[in-house]
Amino acid sequence: MSILIDENTKVLVQGITGGFGGRHAKLSLEYGTNIVGGVTPTKGGQMFENTVPIFDTVSEAVKETGATASVIFVPPAFAADAILEAADAGVELIVCITEGIPVMDMMRVKAMLTGSRSRLVGPNCPGIVTPGRGEKSHGGCRIGIAPGYIHKRGNVGVVSRSGTLTYEAVWQLTQLGYGQSTCVGIGGDPINGTSHLDVIRMFNEDPETEAIILIGEIGGIAEVEAARWAKDHCKKPIAGFIAGATAPPGRRMGHAGAIVGGEEDTAQAKKLILAECGIAVAETPGVMAKTLLDLWGK
Amino acid sequence: MNIHEYQAKELFDRFGVPSPKGKVASTPKEAFDAAKWLGVNHLVVKAQVHAGGRGKGTFKNGFKGGVHLVESPAAARDVATQMLGGVLVTKQTGEAGRLVRKVMIAESVSITRELYLAILLDRQSCQPVIIVSTEGGMDIEEVAAKTPEKMLREFVNPLAGLQAYQVRKICQALGLQTTARQFGRMLHALYKLFIECDCSMVEINPVVVTTDDHVYALDAKFNFDDSALYRHPEIAAMRDRDEEDPREVAAAAHDLNYIGLDGNIACLVNGAGLAMATMDIIKHHGGDPANFLDVGGGASKDQVAAAFNIILGDPNVKGIFINIFGGIMDCNIVAEGVVAAARETGLALPLVVRLEGNNVEAGKATLAASGLNIVTADGMDDGARKIVAAVS
């Protein structure tokens, strides 16, 4: 088991003919991901890499391929529309990689998805990987832009806002011989579809996941919300890291959501609450995996 | 992105948010003409800089206050002469202060009440929230901490928009009677402005009620969503580069995300999360980061060279730490870029490079073979320790 996706998940790529989307669709295909179709308006009927059919609309693509997941690479101005189109077509899992979507657009998308059966992950995220069992984790499902080869199939769930910090944690685990069940990048924007808490709940229910790494940063209180829930409900060991202890207040640190607004969304405040909730907080980002293994008794 | 008060007034005029009549001036003569055009005897002259606390600020030439009440066009001209070209230091500008290039001349109104009004995006509920308080003109964080009962938060469903009952509720909470309709119109106009201009925050502190029962926005602070500026060219044109850190402006031109800090160890990192974490790890090992710098998903030779130039423009910098996790990009290409950029810029400062990921061995070999004084690190902690040792 894993969460959200596995090697059988049928995946669509919205924006497959763009440079960025095409490049990563190709890497996912090489990793063994079951990419069943692409969507680019006006390019329906063409083929991607001679193997993947391209459709004009998501609903047509879903009807023809039975896809249940879609990854979005379309430019920021069109991304909100792409998310809503996927939801309208009944796609169960929508992963939006696009960075720089206007916040107002995401506010409306979030409101419109309330009550919908679709789950949105992202935007501004690296995506999701459930590693495969082959060499360098080949044969898994890679949705998004994460490097596949750093993974290894195993029992640690990873959830993070940041792409590169996720890769750090995954690589540290793999180097120490511990694999991952699923790695979820939830994105660095102030409004996102899936929260730390949503993912922690899923890891808690997943029999394959035995331990969890939770990576957060300054801004908002999503990590705190997840930690408070985990204190009472999560049966599995969790290690955490919060980036931005040295960030000056009021400045956006790269991610649109990474901004210290008040006293409760600083790195120091979050680390303190995580620790109070029984999460082992890594002293530096260089020891995220080690901190988990110590807590886990490995 | 922030804008000046006179630009905020332009937006207020466009959307029908009432504010006292006023005009911007760049020279004492323009200030005189503006005051004459206003045709009243009660005037206020306000220095235009992107910083709060202007009224209590002091100019470096000794002139006190960035906000002055005057009674005649000649007096407005004299105050403008003192302010224009002067450097205003307020509690928000730091010691360096800000050069005043423009002043606003506005009608001064006679005030009976000062209220607080803001609209911002609430992250938890993913909705706009309207915040009002009867305690206008004060530091709102202090009001929130000491007398939270004097603040009202009203959430707006973004799909339905601001409803009439919500406006009535707010007016009642503020104790407005004869001016409730005026305030309601202002609130509707401000909400429309907030949504249509893609603001992330708009704050009016204070909204004033005058002795003759008018409601005006007396000051304004705007924050716009940078991601949405592409669809508001008229707002993007309000950007004042003179008010921004020149290093940040230069970085943006090269697609680099740079924020200057006070320390002496510069860092160059790929990814925002890792860039923040790199600053943290430098601090953890006893150093002080000089900047946040995210080169994004790639790290081309040109970007690294541009980054070096920006970093080296900061005289505090005593060493550089490059921390790259090359997931998909080739570490050797990054290494070649670092070597070339170090040669081109004639880098003389200690440089520690931590590379990890795709083709990392070749990358490390390229750094070692360069003949340059580049220290390679095994892991982030090792790199941070090495750069801290090198600068101390």
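Using a 1.4 Å probe and counting only protein heavy atoms, how much accessible surface gets buried when B and A come together, both sides summed, in Å² to the nearest 100?
Details: alone 18610 and 12670 Å², together 27370 Å².
Protein heavy atoms only, the B-A interface buries about 3900 Å².
Could you work out how far helix B:164-173 tilts from the main Cα principal axis of chain B, as a 0 to 90 degree angle to the nearest 10?
Roughly 80 degrees, rounded to the nearest 10.
If you wrap segment A:152-296's Cα atoms in a convex hull and average its projection over all directions, what's the area in nm²?
Details: hull surface 30.0 nm².
So the Cα hull casts an average projection of 7.5 nm².
Quantify how strongly other chains surround peptide A:281-287 by giving the mean number of their Cβ atoms within 10 Å of each of its Cβ atoms.
Taking all residues of A:281-287 together, the mean is 6.
Please state, rounded to one decimal and in Å, the Kirkwood hydrodynamic radius that the protein assembly as shown gives when every pair of distinct Cα atoms enters the mean of 1/r.
Here the Kirkwood hydrodynamic radius works out to 27.1 Å.
Which Cα, out of B:58, B:188, A:50, lies furthest along the positive dipole direction of the protein assembly as shown (beta carbon charges, K/R +1, D/E -1)?
Going by the Cα projections, it comes out as B:58.
Please report, in debye to the nearest 20, how large the charge dipole of chain A is about its Cα centre when each Lys and Arg carries +1 at its beta carbon and each Asp and Glu carries -1 there.
Values: 26 positive and 31 negative charges, 80 e Å.
So the magnitude is around 380 debye.
Tell me, what HN-Hα J-couplings in whole Hz come from the Karplus equation 6.51 cos²θ - 1.76 cosθ + 1.60 at θ = phi - 60° for each residue of segment B:366-372, using x for Gly and Pro?
4, 5, 5, 7, 5, x, 7
Within chain A, count lysine pairs with alpha carbon atoms under 22 angstrom apart where the residues are 8 or more positions apart or belong to different chains.
Close lysine pairs found across chain A: 29.
Given the options A:154, A:114, A:143, identify the residue whose Cα lies farthest towards the positive end of the charge dipole of chain A (+1 on Cβ of Lys, Arg; -1 on Cβ of Asp, Glu).
Going by the charge dipole, the pick is A:154.
Tell me which aspartates and glutamates have Cα within less than 18 Å of residue B:102's Cα, excluding those fewer than 8 residues away on the same chain?
Partners within reach: B:5, B:10, B:30, B:33, B:78, B:219, B:240, B:242, B:243, B:244.
Taking the Cα centre of the protein assembly as shown as the origin and placing charges on Cβ (Lys, Arg +1; Asp, Glu -1), which of A:278, A:234, B:209 is farthest toward the positive end of the dipole?
Going by the Cα projections, it comes out as B:209.
Calculate the length of the line joining the C-alpha centroid of segment B:253-289 to that of segment A:1-77, in whole Å.
Measuring centre to centre over Cα atoms gives 36 Å.
Given Cα positions, please report Rg to Rh for chain B, the hydrodynamic radius being the Kirkwood one. Kindly include the intermediate steps, with their values, before the conclusion.
Details: Rg = 25.7 Å, Rh = 24.0 Å.
Ratio value, two decimals: 1.07.
Give, ordered by residue number, each residue of segment B:116-151 whose 1.4 Å probe accessible area is reduced by a minimum of 50 Å² on adding the remaining protein chains to the chain alone.
The answer is B:121, B:123, B:124, B:126 - residues whose exposure falls by at least 50 Å² when every protein chain is included.
Are there residues in segment A:229-251 whose accessible area shrinks by at least 20 Å² when all protein chains are included rather than the chain by itself, and which are they (probe 1.4 Å, ligands and nucleic acids not counted)?
Listed in order, they are A:243, A:244, A:246, A:248, A:251.
Given H placed on each backbone N at 1.01 Å, which residues far from residue A:154 in sequence or on other chains put an amide H within less than 5 Å of it?
Close amide H contacts, sequence-distant or interchain: A:180, A:181.
Give the angle, between 0 and 90 degrees and rounded to the nearest 10, that separates the Cα long axis of helix A:267-276 from the longest principal axis of the Cα atoms of chain A.
Helix A:267-276 sits roughly 70 degrees off the main axis of chain A.
So how far apart, in nm, are the two label points at residue B:153 and residue B:231 if each is 7 Å from Cα heading toward Cβ?
Here the modelled spin labels are 2.7 nm apart.
Over the whole of A:96-109, what's the average partner chain Cβ count within 10 Å per residue? Rounded to a whole number, please.
For this peptide, the per-residue mean of nearby foreign Cβ atoms is 5.
How much FRET efficiency would the formula 1/(1 + (r/R0)^6) give for residue A:205 and residue B:302, where r is the Cβ-Cβ distance and R0 is 51 Å, rounded to 0.05?
0.60
For segment A:1-59, which trypsin sites (Lys or Arg not before Pro) pass both filters: DSSP loop (anything but H, G, I, E, B) and at most 11 other C-beta atoms within 10 Å?
none
Report, in deg cm²/dmol and to the nearest 500, the calculated mean residue ellipticity at 222 nm for chain A, where each DSSP H run with n ≥ 4 adds -39500 (n - 2.57) and the sum is divided by the residue count.
Calculated from helices alone, the mean residue ellipticity at 222 nm is -10000 deg cm²/dmol.
Would you mind working out the magnitude of the charge dipole of segment A:45-121 relative to its Cα centre, with +1 at each Lys and Arg C-beta and -1 at each Asp and Glu C-beta, to the nearest 20 Debye?
340 debye
Can you give the Rg/Rh ratio of segment A:11-121, where Rg is from the C-alpha atoms and Rh is the Kirkwood radius? Write out the running numbers ahead of the final one.
Numbers: Rg = 13.0 Å, Rh = 13.7 Å.
When Rh is taken as the Kirkwood radius, the ratio is 0.95.
Might you report the magnitude of the Cβ-based charge dipole of segment B:23-156 about its Cα centre, with Lys and Arg at +1 and Asp and Glu at -1, to the nearest 20 debye?
On the way: 18 positive and 14 negative charges, 99 e Å.
In total the dipole reaches around 480 debye.
On average, how much accessible surface per residue is there in segment A:152-296, in Å², for a 1.4 Å probe, leaving out ligands, DNA and RNA?
Solvent-accessible surface per residue comes out at 32 Å².
For segment A:109-176, which trypsin sites (Lys or Arg not before Pro) are in a loop by DSSP, counting at most 16 other Cβ atoms within 10 Å? Present the calculation step by step, with values, prior to reporting the outcome.
Working: sites: A:110, A:117, A:119, A:133, A:136, A:142, A:152, A:153, A:161; in loops: A:117, A:133, A:152, A:161.
Within segment A:109-176, the qualifying trypsin sites (Lys or Arg not before Pro) (loop, at most 16 other Cβ atoms within 10 Å) are A:117, A:133.
Sort largest first and round to whole Å: the equivalent ellipsoid semi-axes of chain A, each the square root of five times a Cα gyration tensor eigenvalue.
Largest first, chain A gives 31, 22, 16 Å.
Once you list every other residue whose beta carbon is under 13 Å from the beta carbon of residue A:154, what net charge do they have if Lys and Arg are +1 and Asp and Glu are -1?
With Lys, Arg at +1 and Asp, Glu at -1, the net is +1.
Nearest 10 degrees is fine. How inclined is helix B:272-284 to the longest principal axis of chain B, computing both from alpha carbons?
Once rounded, the angle reads 80 degrees.
Name the GluC sites (Glu not before Pro) in segment A:1-82 that are in a loop by DSSP and that have at most 13 other C-beta atoms within 10 Å, would you?
On the way: sites: A:7, A:30, A:49, A:60, A:64; in loops: A:7, A:49.
Answer in residue order: A:49.
Tell me the label-point distance for the pair residue B:101, residue B:262, using the 7 Å Cα-to-Cβ offset, in nm and rounded to one decimal.
Inter-label distance under the simple model: 2.7 nm.
The values are calculated or read from the model by the stated rules, or taken from the named source; none is laboratory data. None of these values were measured; they are calculated from a predicted model. Quick reminder, even Gly has a Cβ in these numbers, built from the backbone with ideal geometry, and neighbours come from all protein chains shown. What goes into the accessible areas is simple: the full protein's heavy atoms, side chains included, and nothing from ligands, DNA or RNA. Shrake-Rupley method; radii C 1.70, N 1.55, O 1.52, S 1.80 Å.
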